[in-house]
Amino acid sequence: MVTNGIQPGKPLPLGATVTSGGVNFSVFTRHGRSVILEIFDSPEADEPSSSFTLDPKRNKTGDVWHAFCPGLGKDALYLYRVDGPFRPNEGLRFNVHKYLVDPYAKALTRTSVFRGLESSERRPPHIDMDLAYSSVRTAANFPKCVVVDDDDFDWEGDRPLNYPLRYSVLYEAHVKGLSVHPSSGLPHGGTYRGVVESIPYLKELGITSLELLPIQEFDEFENPRSNPITGERLTNYWGYSTIAFFAPKASYASDRSLSGAVREFKEMVRELHRAGIEVILDIVFNHTAEGNERGVTMSFRGFDNPVYYMLEDNPRYYRNYSGCGNTVNCNHPVVRTFILDCLRYWVTEMHVDGFRFDLGSILGRDQKGRLLENPPMLERIAEDPVLRQTKIIAEAWDAGGAYQVGWFPGGRWAEWNDRFRDDVRAFWRGDPGTAHHLATRVTGSSDLYLRDGRKPFHSINFLTSHDGFTLNDLVSYNGKHNEDNGEENRDGSDHNVSYNYGAEGETENPAVEAVRAQQARNLLLTLLLSLGTPMLLMGDEVRRSQRGNNNAYCQDNAISWLDWSLRERHAGLFRFAREAIRFRKAHPAFLRPEFLSGKDLPHHSAPDVTWFDAEARPADWSLLGGFIAYRLMGSRAAILTDRDDNDFYIVYNATPKDVTVTVPPPAAGKVWLRAIDTSRESPDDILEPGKEEALPGGDKFVALARSAIVLIARMV
């Protein structure tokens with residue numbers, strides 16, 4: 001409780017800052033006429049214990065309102081109310097009766113489940129209800145902001161790892177879904193601490209970087225639907241509905257104290273770093289949980305609606321390039337500062353190693369929604385000196401029609417490469433005319449990235465992600481099965497490039513299961529041996545299934561969770577994935593910093609990459625069909641690194657027929673040895689280093705139907 005009233009305080013930094021003797025509060029509003037700071041004694045309190053109306057003469061600098069509260073410290077609870085014009089048709093939606101979350105709040109109380117927001121408050125029943133001014137005021141079930149002292153944590157010398165992209169193997173996972181399944185047997189499953197308890201699994205797999213779905217505080221109960229089959233309440237499981245961008249989600253913490261989520265998140269990062277694993281956050285600056293004009297006022301809208309959001313020419317309504325009702329006004333100068341402050345906070349105070357920007361193209365739109373050639377926001381992120389070593393990864397499209405894969409502006413950005421996803425899927429499905437597309441993808445997608453000076457590692461290669469089929473379902477279903485989502489299977493993409501190989505979904509047919517397992521190996525191997533930065537989806541290494549659901553955003557249950565018993569059921573595939581990751585990391589030929597040229601190398605009689613048909617003749621792309629082979633040179637001159645590597649001969653046979661393959665001769669004094677063959681069962685599918693096998697037929701071998709073979713050249 002505040003003991004001595006308030007003092008003028010300072011305008012910077014924004015947010016709540018613990019100092020000697022009290023807490024400094026600072027918040028932005030340009031069009032608000034009055035700001036009220038309210039202090040609460042408990043998370044459940046309906047009324048504040050102290051309320052302070054800030055004096056614009058003493059507590060305001062420019063558009064920033066500020067106050068110093070003596071006697072407060074960490075874990076103090078607070079909210080704001082802002083008075084100003086309520087003129088929705090002019091884009092102004094101030095309401096002094098609405099409690100507001102500080103945009104810079106570093107933690108929210110566990111009442112942040114938002115259950116206290118009534119359905120009538122969330123979705124007004126009448127189309128013009130947003131024009132009505134509400135005088136209802138209650139804080140009983142509204143999340144309170146928690147004052148956090150970031151100096152109150154021992155990092156034990158930890159720093160962000162910041163691995164170069166070309167050495168990285170990303171693993172996309174959900175904090176809760178990674179460890180919450182009962183089969184994990186972990187004491188703190190489903191929490192940040194549960195992630196720490198999962199480290200031995202992640203270490204054994206060999207990934208370098210853990211990319212987490214949104215962990216900033218969000219409204220998981222915004223979904224009004226129920227599962228039409230089970231009656232179970234559906235949620236926003238993925239978390240793409242942020243309301244407090246600086247605050248780690250409280251419900252993901254096993255520590256239930258007020259600052260527990262912040263402390264436990266930091267512990268998670270520290271222990272992952274200690275194990276050599278980076279932390280990358282999926283961050284959602286494109287929209288917020290407040291929704292459109294019929295949504296809920298919780299924060300930004302009540303502080304300054306026309307600053308924080310893109311409004312239509314009729315400013316009552318919101319531009320919607322996110323598909324979620326509103327679009328953040330990312331290139332407004334105030335919002336640009338907010339975004340930079342947020343990113344810097346997660347890097348400097350929370351030690352994260354990078355960010356994946358959901359619907360990143362929105363950050364390149366101006367205040368009218370037009371795509372900018374040189375977007376200030378994207379350039380500032382790329383050039384910011386604090387973020388200079390931080391990974392920045394764009395989902396280079398949005399729901400408004402922007403598609404910028406290969407030409408995302410702003411400099412050093414990496415991008416999710418959905419062209420890689422679709423072309424690799426199509427090739428292994430056996431689609432005609434796809435061999436030349438595959439060749440482009442496995443060699444780094446130079447058609448997309450070479451032209452603007454970026455490198456192969458700027459392509460984030462992936463086959464599956466949270467949005468779409470898992471790897472198992474990609475080879476088990478011809479179509480989506482989203483009936484559990486309560487939208488009559490209308491939601492989710494119909495473009496899956498999948499195939500079930502004879503039975504829709506789970507089957508006990510051994511022949512179908514055998515080809516599915518082999519195709520899973522083919523797809524994983526292609527991902528891990530391609531130039532670019534590979535990203536795996538949680539559970540693909542053990543054939544996690546979502547039962548054909550390709551849009552499991554609302555499924556906080558076994559559909560989305562990682563079943564740890566699959567580790568034993570599909571031990572062979574887990575071993576294959578682990579060994580393929582090790583193989584990639586051990587060979588610089590797959591980590592090249594530059595694109596392949598296809599030209600003869602200095603002092604060599606062969607180019608860095610050469611393409612062949614099954615008879616070892618130069619590839620005729622019009623005749624290749626579903627077969628492709630290539631030799632990858634491993635000399636220092638070829639791979640542009642400071643150490644030599646082996647040469648490799650890689651064969652991908654996506655046809656349903658066996659193919660006799662002739663291999664061109666290796667370099668003088670060397671012999672081709674089989675290192676990987678996906679048609680074989682574990683452990684013969686990928687052999688340990690030094691145990692590779694000679695080809696029994698000399699320069700010929702049979703590539704069985706739907707198989708991938710990797711030969712390695714070693715000295716005789």
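The values are calculated or read from the model by the stated rules, or taken from the named source; none is laboratory data. Small disclaimer: the values here were computed from a predicted structure and weren't measured. Methodologically, a virtual Cβ is constructed for each residue, glycine included, from the backbone with ideal geometry; neighbour enumeration extends over all protein chains shown.
Annotations for the structure displayed:
- Residue list for segment 509-531, restricted to those being more than 19 Å from Ile460 (Cα to Cα), in contact with a helix residue (DSSP H, G or I) (Cβ under 7 Å, 6 or more places away or on another chain) and of a type outside the set (S, T, N, Q): Ala517, Ala520, Arg521
- Candidate set from segment 509-524 (those that are part of a helix (DSSP H, G or I) and free of Cβ contacts under 8 Å to residues at least 24 places away in the same chain); member that is farthest from Val710 (Cα to Cα): Pro510
- Applying the set (1) at pLDDT 95 or above; (2) closer than 20 Å to Glu47 by Cβ; (3) assigned to a loop (DSSP other than H, G, I, E, B) to Gly73 leaves exactly one unmet item: (2).
- Checking each residue in segment 337-372 for being among the aliphatic types (A, V, I, L, M) and free of Cβ contacts under 8 Å to residues at least 40 places away in the same chain picks out only Leu371.
- Test: residue in segment 301-309 that is in contact (Cβ under 8 Å) with a residue 12 or more places away in the chain, assigned to a helix (DSSP H, G or I) and within 25 Å of Ser168 (Cα to Cα): no
- Any hit, segment 328-336, residues being among the β-branched types (Val, Ile, Thr), part of a loop (DSSP other than H, G, I, E, B) and touching a residue at least 12 places away in the same chain (Cβ under 8 Å): no
- Selected residue (criterion: nearest to Arg159 (Cα to Cα)) from residues of segment 343-369 that are part of a helix (DSSP H, G or I) and among the small types (Gly, Ala, Ser): Gly360
- Segment 387-398 residues that are hydroxyl-bearing (Ser, Thr, Tyr), paired with ones that are buried (at least 24 other Cβ atoms within 10 Å of the Cβ) (beta carbon under 6 Å, 6 or more apart): Thr390/Gly354
- Single residue of Gly276, Gly260 found to be under 30 Å from Tyr163 (Cα atoms) and under 21 Å from the mean Cα position of the chain (by Cα): Gly276
- Qualifying residue in segment 605-613 (condition: more than 20 Å from Leu438 (Cβ to Cβ) and not assigned by TED's automatic domain parsing to the domain that holds Val442): yes
- Within segment 634-641, not a single residue is outside the structural domain of Glu513 (by TED's automatic domain parsing), at pLDDT below 95, among the charged types (D, E, K, R) and in a loop (DSSP other than H, G, I, E, B).
- Residue in segment 639-652 that is surrounded by fewer than 20 Cβ atoms within 10 Å (Cβ to Cβ) and in contact with a His (Cβ under 8 Å, 6 or more places away or on another chain) present: no
- Looking at Ala614, Ala580, Ala571, Ala552, just one residue is among the small types (Gly, Ala, Ser) and over 29 Å from Ile199 (Cβ atoms), and that residue is Ala614.
- Against the conditions (1) among the small types (Gly, Ala, Ser); (2) touching a residue at least 12 places away in the same chain (Cβ under 8 Å); (3) in a loop (DSSP other than H, G, I, E, B), Gly231 satisfies every one except (2).
- Residue match in segment 549-562 (condition: surrounded by fewer than 21 Cβ atoms within 10 Å (Cβ to Cβ), among the charged types (D, E, K, R) and over 30 Å from Ile712 (Cβ atoms)): no
- Complete set of residues in segment 551-602 that are in a helix (DSSP H, G or I) and among the aliphatic types (A, V, I, L, M): Ala552, Leu566, Ala571, Leu573, Ala577, Ala580, Ile581, Ala586, Ala589
- Residue that is nearest to Val148 (Cα to Cα) [pool: residues in segment 78-92 that are touching a residue at least 60 places away in the same chain (Cβ under 8 Å) and not in a strand (DSSP E or B)]: Gly91
- Which numbered condition Tyr630 fails, given (1) free of Cβ contacts under 8 Å to residues at least 40 places away in the same chain; (2) of a type in the set (Ser, Thr, Tyr); (3) not in a loop (DSSP other than H, G, I, E, B): (1)
- Flag for Val23 being surrounded by 20 or more Cβ atoms within 10 Å (Cβ to Cβ), under 27 Å from Thr138 (Cβ atoms) and either of a type in the set (A, V, I, L, M) or at pLDDT below 95 (or both): yes
- The one condition in (1) in a loop (DSSP other than H, G, I, E, B); (2) touching a residue at least 24 places away in the same chain (Cβ under 8 Å) that Asp684 fails to fulfil: (2)
- From the options Ala247, Ala289, residue that is crowded, with 18+ Cβ neighbours inside 10 Å and part of a strand (DSSP E or B): Ala247
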